[in-house]
Amino acid sequence: MKSNKEAFRDYLQLEKKYSAHTVNAYLNDILFFETFNKSSFEQDDIDHVNYSQIRSWIVSLVDQDISNVSINRKMSSLKAFYRFLLKTKQIEVSPMLKHKALKTPKIVQIPFSEKELKDLMQEVSNPSGFEEVRDKLIVDLFYTTGMRRAELINLMKYNVDLSSNVIKVLGKRNKERIIPVLPIIVEQFNLYLKERTSVENIVDGEYFFISKKGLKLSESFVYRLINSYFSKVSEKVKKSPHVLRHTFATHLLNNGADLNSVKELLGHSSLASTQVYTHNSLAELKKVYGDAHPRNK
């Protein structure tokens, strides 16, 4: 018979359809709490605990200088575990029922400016060879679609429809969405596909983007690629695929796109997730307002 932890793992994988990385993170958090509970309260079973035990774990994490963000993530794992136990009627009340997340500072991501993007495009305007063509397409695709790093890495060849100028990506929780592709990017797709035929011994051929060895790209490779490219034109501390996603949203909003359309393009489940990008468009709005209003002359 499966333990509750094993059943919870299957629930996350099969019903919630979480990625292997997310499932492992949840299970590791539960294991850490189990270890703490055993050493502090001499209790092997965490299925039936009270909130004071969880609170003691939070205090110990704070004492270890673990950030509030990390602590909140661990608490989210516990919440999910006890929700599962409630759902399967293993418990009657969740010990996390009255828990409130710790306060965390709001981190404002600074997007790249339109000038930085223009400078970079000039820097890489004439790519040659498989790798240069691929790398430029990756940068352009991040900026013109706002797709996530994992979505780009896992983009399948059969989900690229250049006849209709769209691509289908698999987002968080295995949610599919269709993203339009600009005509200028379609030209780069065709150039990349032509260069891709020069790669020998393709192993992961079902994936659209591959390395020169014919393998699926890694997350670290894509991160280093974006960091390296933008180091040429930007002095911002953070230069990552996520900042490009942020840039995509901010530039759309600054140029008049409505919030709901940006939400759909980004694949957000709620407007609240998209609204984090509006602070930059508000800055642009203030500038336009200040420049245009007669009383500010």
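In terms of overall dimensions, the chain has a Cα radius of gyration and Dmax of 23.3, 77 angstrom. Indicate the gyration tensor shape class of segment 134-211 (rounded, prolate or oblate), computed on the Cα atoms with a ≥ b ≥ c the square roots of the eigenvalues: a/c under 1.5 is rounded; otherwise a/b larger than b/c is prolate and the rest oblate. Oblate shape, in that a/c is at least 1.5 and b/c is the bigger or equal ratio. Lys194 contributes an accessible area of around 150 Å² to the protein surface, as traced by a 1.4 Å probe with all chains present. Overall form of segment 1-95: oblate. Here a/c, set by the Cα gyration tensor axes a ≥ b ≥ c, is 1.5 or more, and a/b is not larger than b/c. Glu200 contributes about 140 Å² of solvent-accessible surface, heavy atoms of the protein only, 1.4 Å probe.
Spatial offset of segment 33-48 relative to segment 144-167 amounts to 45 Å, using the alpha carbon center of each. In summary, the aspartates and glutamates within cross-link reach of Lys89, defined as a Cα separation below 15 angstrom excluding same-chain residues under 8 places away, comprise Asp47.
Residues within the reach of a label modelled at Arg173 (point 7 angstrom out along Cα to beta-carbon, backbone nitrogen below 20 Å), restricted to segment 1-19, are 8-19. Protein heavy-atom accessible surface, 1.4 Å probe, per residue over the chain: 59 Å².
Roughly how big is segment 98-178's charge dipole about its Cα centre, with Cβ charges of +1 (Lys, Arg) and -1 (Asp, Glu), in debye to the nearest 20? Provide the component values of the computation, followed by the final result.
Values: 16 positive and 11 negative charges, 210 e Å.
Computed about the Cα centre, the dipole is about 1000 debye.
Would you mind telling me the share, in percent, of accessible area of the chain contributed by carbon and sulfur at probe 1.4 angstrom? Carbon and sulfur: 52 percent of the exposed surface of the chain.
In terms of packing, defined here as the mean over residues of other Cβ atoms within 10 angstrom, the peptides 85-95, 66-76 line up highest first as 66-76, 85-95. Going 7 Å from the Cα of Phe41 along its beta-carbon direction, which residues of segment 70-102 have the amide nitrogen within less than 13 Å of the resulting point? Only 94-97 pass the distance filter. Exceedance of the 27 Å cut-off in Cα-Cα distance is limited, within the set Lys239/Lys263; Lys212/Lys263; Lys115/Lys175; Lys172/Lys239; Lys118/Lys175, to Lys212/Lys263; Lys115/Lys175; Lys118/Lys175.
Would any residue of segment 247-275 have its amide N under 16 Å from a label point 7 Å out along Cα→Cβ of Gln122? List them or say none. No residue passes the distance filter. Remark on segment 50-125: ratio of C-alpha radius of gyration to 2.2 N^0.38 Å is 1.82.
Starting from the Cα-Cα distance between Val59 and Leu215, subtract it from 0.36 nm times their residue separation and give me the gain in nm to one decimal.
Numbers: separation 156, 0.36 × 156 = 56.16 nm, distance 4.47 nm.
Between Val59 and Leu215, full extension yields 51.7 nm more.
The values are calculated or read from the model by the stated rules, or taken from the named source; none is laboratory data. The structure displayed is predicted, hence computed values, not measured ones. Because the Cβ atoms are built from the backbone with ideal geometry, glycine has one as well, and the counts that use them run over all protein chains shown. Side chains are part of the model used for accessible areas, which takes the heavy atoms of the whole protein and leaves out ligands, DNA and RNA. Shrake-Rupley method; radii C 1.70, N 1.55, O 1.52, S 1.80 Å.
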